[in-house]
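A short worksheet on the structure shown next.
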Amino acid sequence: MRPLSVSELLAVWERGWSARPFERALALLSAATPECSPATLAGVSLGRRDASLLQLREWVFGPDLALVATCPHCGQSLEMAVPAGSLRSSPSYRSDAAAGREIEVAAGDHEIRCRPPNSEDLLACVGLESAARRGRLFERCVLEARRQGQAVPAEQLPENVAELVVRRIAASDPQADVRIDLGCPDCRHQWTEVFDIVSFFWTEIDAWARRTLHDVHALASAYGWRESDVLALSPGRRQIYLTMAQA
Ligand SMILES: [Zn+2]
């Protein structure tokens, strides 16, 4: 994986306008990982996908993430800078070869071979409501289930066995479920928020892209430059020209 240029990021943003979140994630990683086929990337577990997105986000916008939350108890708004490193489920996650792989779960006389969900699974669940979606994901992620050596369909596993399988799958790919502990400075209420790198990163990209096009408009109007001329400027030089053009 490599960082994206300004024009590459703009191109991904434009293609992603009407895309679903998991398609935006794949488009970003596909642009940053041209050596991997789209099918390979779609088969990467969601936790490993999110670890790569967090890395890409760090390269594009820097090591700190500006998070905004609202206290569910008193409504106070909180703003904080969270280091990307603190959102990694393990410091060695990217080199952790075990993450996102197939796992085996033994529960009583059941033996299950399973894997964490990936982007292909999300595509297969498009349009399903939440219960059907959970069922479809589970069936896809259970590769083989046996009871006393006899094959059992995933949907016929006892509830306690299915719950154990879901927990073990989640534990095998922890970066897919990142939670942040928060405390309200006003009322001292403490709570946990789910952090979704896909929507967070895309919201940042959207705001950045609109600012960038605004800059292109201002400089193209003032100097008669082409879009590619403006995008080729470093941020510092672009800002100096903008200041002069608006003087
Ligand atoms: Zn509060």
Handout entry: Rel. contact order, % - alpha carbon contacts under 8 angstrom, at least six apart, the chain
Key = 19
Completion exercise
Within the chain, cysteines having no neighbouring cysteine beta carbon under 4.7 Å are Cys36, Cys114, Cys125, Cys141
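What does the charge count around Val68 come to, taking other residues whose C-beta lies under 13 Å from its C-beta (Lys +1, Arg +1, Asp -1, Glu -1)?
On the way: positive: none; negative: Glu79, Glu193, Glu204.
So the environment of Val68 carries a net charge of -3.
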Problem - Surface share of carbon and sulfur [accessible, 1.4 angstrom probe, percent] for the chain - result: 51
Practice task
May I ask you to give the solvent-accessible area per residue for the chain, in square angstrom, as obtained with a 1.4 angstrom probe?
Solution key: 56
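Suppose the chain between Thr70 and Asp196 were pulled fully straight at 0.36 nm per residue; how much longer would it get relative to their current alpha carbon spacing?
Numbers: separation 126, 0.36 × 126 = 45.36 nm, distance 1.60 nm.
Gain on extension, Thr70 to Asp196, equals 43.8 nm.
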Handout entry: Estimated 222 nm signal from helices in the chain, with DSSP H stretches of n ≥ 4 weighted -39500 (n - 2.57), rounded to 500
Key = -15000 deg cm²/dmol
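Among 44-56, 136-148, how do they line up by average Cβ neighbours within 10 Å per residue, starting with the highest? Working shown, then result.
Details: 44-56: 22.5, 136-148: 16.2.
Most protected by this proxy first, the peptides run 44-56, 136-148.
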Problem - Euclidean distance between Cα centres, the stretch 1-54 to the stretch 233-247, Å - result: 30
Exercise for the section: List the residues whose amide H sits under 5 Å from the amide H of Leu143, counting only those 5 or more places along or on another chain, with H placed 1.01 Å from N in the peptide plane. Expected result: Arg113, Cys114, Arg115
Handout entry: Top positive-direction residue, dipole computed over the chain with Cβ charges, set Ala220, Ile205, Ser5
Key = Ala220
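How high is the relative contact order of the stretch 142-247? Use alpha-carbon pairs under 8 Å, at least six apart in sequence, and give a whole percent.
Numbers: 53 pairs, mean separation 12.6, N = 106.
Reported relative contact order: 12 percent.
The values are calculated or read from the model by the stated rules, or taken from the named source; none is laboratory data. Source: prediction; values computed, not measured. Every residue, glycine among them, receives a Cβ derived from its backbone with ideal geometry; neighbour counts consider all protein chains shown. Each accessible area value is taken on the protein alone, full model and side chains, heavy atoms only, with ligands, DNA and RNA left out. Shrake-Rupley method; radii C 1.70, N 1.55, O 1.52, S 1.80 Å.
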